[in-house]
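The values are calculated or read from the model by the stated rules, or taken from the named source; none is laboratory data. This one's a predicted model, so the numbers in the text were calculated from it and none came from an experiment. Neighbour counts run over all protein chains shown; Cβ positions are idealised from the backbone, glycine included.
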């Protein structure tokens, strides 16, 4: 990425402690990621700078400062959260999660230093090689299993990523999928207690991330990873949840991928991208269990690892508030039982498949940080606001329910909630009918 395209970015040669900026890797809503060199060790690293565009600017001294006095509290609160999450992630070690090496304050802001991993962005793989979908089934399941295993460790540490999308998954040179860019990550318990800032990438964000008061948790990351899988299968991201909650009909992955992917995988993807949080798997373990019907030996190992770890950290926090999902899972299990076994794929042959399919051409690729489409994001936020309030009201967000009541009247808000519930029930019935079809 050309530094000239990033007006607020630090220039090449700028020193940050022992790190010298080489180039810009990417820019998002909450900051800029640089390729840098550790001048002491002579190694390359990725450095994430906290620079939220809504709250801050860089001045002529290279320092970052709040845009206004009214933005100061948000800016400082966000920086504190940025560093707290970095401290937690520095203790996470997993082959499928980018490693955080250190963090520090400078230039009026904060920085996170991570491993720089050479590889190919999964977003580029899909856009360039599979624009119409059809990402190979022999690669998709083991990729999802590996990412879920890494995500389970992150959740166990008490952190949710909040921005999983193809651009934030890197396929390393050895074939490993690696979850990167934790700039939007937040502490799970704090999120459950007090809500969070709006972070969302249209097509990959769940409904609860369209509002500050939506209850976010492991189920939020699960939606986003399911959306990535849906894109890999179909060639496009799922329909935005606010459109579906307003009556839009999305073609299920089970229909789009029939005959090309295992029934268990397709059913699990459709479950993961359910609009309402309570209708999704509530933990990584639950989603892995749904994938078990079409499992390979690698899935068995990862699932057992997850069970030994005791499940995602959010499970105990959300158990009391979550409904029994046995009825939901029961319909899917019929499809799961009929699925064919994948066989052992995490072996030399599968690794060769990964490298051959994902790296058809030689040459280095930079660690991706997909830039935001600000106009599209703003439009999606506006369109999603009312739908998100309905979902948050179902989760017990009383403040949002009051806002809806004030804006459209208490009676209209109640009727809207009833209509949404009826639509959700109808969609669930249709999904249940599809899952009970004989293949």
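Residues 62, 84, 67: which one is surrounded by fewer than 17 Cβ atoms within 10 Å (Cβ to Cβ), modelled with pLDDT under 95 and on the phi > 0 side of the Ramachandran plot?
62
When you look at residue 96, is it under 23 Å from the mean Cα position of the chain (by Cα), buried (at least 16 other Cβ atoms within 10 Å of the Cβ), in the same structural domain as residue 30 (by TED's automatic domain parsing) and more than 20 Å from residue 32 (Cβ to Cβ), yes or no?
yes
All but one of (1) within 25 Å of residue 159 (Cα to Cα); (2) over 23 Å from the mean Cα position of the chain (by Cα); (3) in a strand (DSSP E or B) hold for residue 65, so report the exception by its number.
Answer for residue 65: the failing condition is (1).
Tally up the residues in the range 239-253 that are at pLDDT 95 or above and crowded, with 24+ Cβ neighbours inside 10 Å, please.
Qualifying residue count, the range 239-253: 1.
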